[in-house]
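Here's the structure, in structure tokens; my notes come after.
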Amino acid sequence: MWEGKQPKFNRLPRTFNEATLFEYPMSAKRLHLAIAGLAFFAAANGFSHSVWIEPVDDKLVVRFAEPGRSFEKSPGHLDSLSAPAAFIVNSTNAAPVETPKNRDHFLLAGASPTNVVCTETIFTIRGGRKPHFYARWQPAGAGGAKPALTLDLVPAGKPGEVRAWFRGQPLPGIKATLRTPDEEEQEITADAEGILRFESKQRGQHLLTIAHYREPIAGFHYGRVYQQTSHNAALTWVN
């Protein structure tokens, strides 16, 4: 409880266009605006969404969400993703896949859960960063593979081994998160060769992700400036 004269937090950073929202005393309306602004600021800087591919019936779809939470929808944050560029990976070439938008996903038209499929998309500028998202779907029994995305999580050909690649080179020491069918999460660190090792005998969908791998590459996107490029990757499969 405050006693005596209420202090002014004059040393707090002035955000929200130098508004005086953090000065006391304040009206209930201004307090509400301050809380809402802080919530938005925290969300913008703690953005933990992923883009991944998953099967729905006999089709594949691209999801956008914080794993374990509700899928982003259109109209809404799903509209802030660029149209995903997707392709089916085979032994000779990459077959492009159309990605029409639906209410809570992008459909990978013509792709099936028996295909190896990759996709990439870009989200709007957040916190001075340009977020790139890459996703790979790997059907059971597909074996090892080669990198096909800028940041790629690629099965290494042995059960429980995935190699992280960045710009065609193994990515040692990178941290990844494995989400198992029981919705538990475990953090994994790649070895000196970029190999992520884990064990899961559970039946169902697994999601392996790398978040916020950043480069000091600045530029403009749709007229908005950014200071960093952020890379995020996901690999999904079903045991």
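Here, each number is a calculation from the coordinates, and none is a lab measurement. Not measured: the values here are computed from a predicted model. Note that each Cβ is placed from the backbone with ideal geometry, even for glycine, and that neighbours are counted across all protein chains shown.
Laid out as a table, the results:
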| quantity | calculated |
| --- | --- |
| Qualifying GluC sites (Glu not before Pro) in region 168-239, DSSP loop, other Cβ atoms within 10 Å at most 15 | Glu183, Glu184, Glu193, Glu199 |
| Ascending count of other beta-carbon atoms within 10 Å, so fewest first, for Trp165, Trp52 | Trp165, Trp52 |
| Sparse-neighbour loop sites [trypsin sites (Lys or Arg not before Pro); region 102-142; at most 14 other C-beta within 10 Å; DSSP] | Arg103 |
| Whole-number percent relative contact order across region 48-238, with pairs defined as alpha carbons under 8 Å at least 6 apart | 19 percent |
| Cα-Cα over 28 Å, subset of Lys101/Lys201; Lys59/Lys130; Lys130/Lys175; Lys146/Lys201; Lys59/Lys175; Lys130/Lys158 | Lys101/Lys201; Lys59/Lys130; Lys59/Lys175; Lys130/Lys158 |
| Sorted peptide list for 81-90, 227-236, criterion being average Cβ within 10 angstrom, highest first | 227-236, 81-90 |
| DSSP beta bridges in region 48-238 [antiparallel fraction, %, rounded to 5] | 85 percent |
| Positive-end extreme of charge dipole, region 48-238 - chosen from Ala156, Pro84, Leu108 (charges on Cβ) | Pro84 |
| Simple spin-label estimate for Arg167 and Ser112 in nanometres, 7 Å along Cα-Cβ | 3.9 nm |
| Cleavage-rule hits (trypsin sites (Lys or Arg not before Pro)) in region 159-235: DSSP loop, at most 16 neighbouring Cβ within 10 angstrom | Arg167, Lys201, Arg203 |
